[in-house]
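S.K.: Below: one structure in structure tokens.
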Amino acid sequence: MSATAEEIASQPDVWEQALRRVAEARAALAAPGERVLFLGCGTSWFVAQSLAELREDAGLGESDAVCASEYRSRRRYDRVVAITRSGTSTEVLEALHQVPDGIRRVAVTAVAGMPVDDLTHTRLLLDLADERSVVQTRFPTTVLVLARAAFGEDLSRVAADGWAALQAPLPADPAAIEHLVFLGTGWTVGLAHEAALKVREAAQAYSESYPAKDFRHGPVAVANSRSLVFSFGDVPADLDDTARSAGAIAYRDQRDPLAQLVLAQRFAVALAAHRGLGPDRPRLLTRSVVRQ
């Protein structure tokens with residue numbers, strides 16, 4: 001079994017461990033009434049998007065997300081939260097250097113003693129979710145599990161749904177799929193983007209992701225009988241009909257959206273195997289993007 005597959009399978013157990021640290025996460029991430037910016041690169045940017053949606057929906061205050069490489073010190077925030085598994089990503093560190101004095105800076109990371117520590121006031125260290133793999137799986141889902149609980153959501157069923165997703169049949173035969181589309185709404189748009197990235201990283205396959213209803217505004221034109229359209233969370237059911245009208249396979253289930261992401265991760269690894277690729281050795285990628 002690949003390291004990536006092992007880390008995918010470990011997620012429900014890691015989530016249960018992380019949920020013992022809700023108070024720590026609440027202090028770092030909730031900040032009721034503050035204006036908060038979440039930033040990251042790659043997977044962490046998609047996590048930032050989900051966190052911003054979740055926090056604002058919870059009524060905790062205005063929340064934005066930005067790709068770290070696009071951060072500019074133009075809007076005033078009370079707190080900037082940087083998500084970085086390694087604590088070394090060049091663009092994240094450069095963004096933190098730009099944050100004006102007087103703004104609280106928080107790092108969510110998996111490794112202690114990294115450069116991000118010197119640029120932040122508070123560190124939420126999730127070393128229990130660190131990974132050997134280049135391709136991130138359990139670190140981003142653990143961040144989201146803990147944040148959702150910190151924002152007041154009842155996650156008593158999330159681990160059970162995660163275990164079920166590990167045992168569930170794949171949504172399609174990987175041999176029959178050449179093109180994947182992931183759809184989300186609200187905070188699960190970030191999950192859709194993350195699932196599509198997993199397919200590109202692990203399997204070097206053609207994948208797209210959209211806010212759900214935007215699928216009808218052009219993207220459906222390239223769907224066909226070798227497409228899988230995978231929905232996260234409360235995506236309107238009539239979009240399945242839109243997908244099927246193009247000849248595509250439409251998939252959804254009733255599990256927690258993070259459990260749905262576990263299934264999407266499993267599919268990415270299975271597709272990689274079908275294509276003769278090792279997910280632990282993704283093409284042109286490293287664990288952290290560091291510019292010398």
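The values are calculated or read from the model by the stated rules, or taken from the named source; none is laboratory data. The structure displayed is predicted, hence computed values, not measured ones. Heads up, the Cβs are rebuilt from the backbone with ideal geometry, glycines too, and the neighbour counts pull from every protein chain shown. To get the accessible areas, we keep the full protein, side chains included, count just its heavy atoms, and leave off ligands, DNA and RNA. Shrake-Rupley method; radii C 1.70, N 1.55, O 1.52, S 1.80 Å.
S.K.: Checking Lys198 against (1) more than 24 Å from Gly278 (Cα to Cα); (2) among the basic types (Lys, Arg); (3) surrounded by 15 or more Cβ atoms within 10 Å (Cβ to Cβ), which test does it fail?
M.R.: For Lys198, the failing item is (1).
S.K.: Starting from residues that are open to solvent by less than 10 Å² (accessible area, probe 1.4 Å) and assigned to a loop (DSSP other than H, G, I, E, B), keep the ones in the stretch 224-247 and report whichever is nearest to Pro12 (Cα to Cα).
M.R.: Phe232
S.K.: To continue, here is another question. I need every pair where a residue in the stretch 229-242 that is without any contact (Cβ under 8 Å) to a residue 40 or more places away in the chain and closer than 13 Å to Lys213 by Cβ has its Cβ under 8 Å from the Cβ of a residue that is open to solvent by less than 40 Å² (accessible area, probe 1.4 Å) and of a type in the set (Phe, Trp, Tyr), sequence separation at least 6 or different chains.
M.R.: Filtered contacts from the stretch 229-242: Thr242/Phe215.
S.K.: Now a separate question. Closer than 30 Å to Glu16 by Cβ, among the polar types (S, T, N, Q) and surrounded by 23 or more Cβ atoms within 10 Å (Cβ to Cβ): is that true of Thr137 in this structure?
M.R.: The answer is yes for Thr137.
S.K.: Same structure, new question: Looking at Arg74, Arg138, Arg132, Arg55, can you tell me which residue is at pLDDT below 95, under 26 Å from Leu263 (Cβ atoms) and of a type outside the set (Asp, Glu)?
M.R.: Step by step, each of Arg74, Arg138, Arg132, Arg55 is checked, and only Arg132 is at pLDDT below 95, under 26 Å from Leu263 (Cβ atoms) and of a type outside the set (Asp, Glu).
S.K.: Which one of these does Ala48 not meet: (1) closer than 28 Å to Phe232 by Cβ; (2) part of a loop (DSSP other than H, G, I, E, B); (3) touching a strand residue (DSSP E or B) at 6+ places or on another chain (Cβ under 9 Å); (4) not β-branched (Val, Ile, Thr)?
M.R.: (2)
S.K.: Would you confirm, using the coordinates I've provided, whether Asp78 is of a type in the set (Asp, Glu) and under 18 Å from the mean Cα position of the chain (by Cα)?
M.R.: In short, no.
S.K.: Right, next: Restricting to the stretch 52-74, name every residue that is open to solvent by 50 Å² or more (accessible area, probe 1.4 Å) and in contact (Cβ under 8 Å) with a residue 40 or more places away in the chain.
M.R.: Glu53, Asp57
S.K.: Using the structure shown, decide if Ser89 is hydroxyl-bearing (Ser, Thr, Tyr), buried (at least 24 other Cβ atoms within 10 Å of the Cβ) and at negative phi.
M.R.: Yes; evaluated as a whole, the condition is true for this residue.
S.K.: I'd like the full set of residues that are of a type in the set (S, T, N, Q), open to solvent by 10 Å² or more (accessible area, probe 1.4 Å) and part of a helix (DSSP H, G or I), limited to the stretch 8-41.
M.R.: Matches in the stretch 8-41: Gln17 only.
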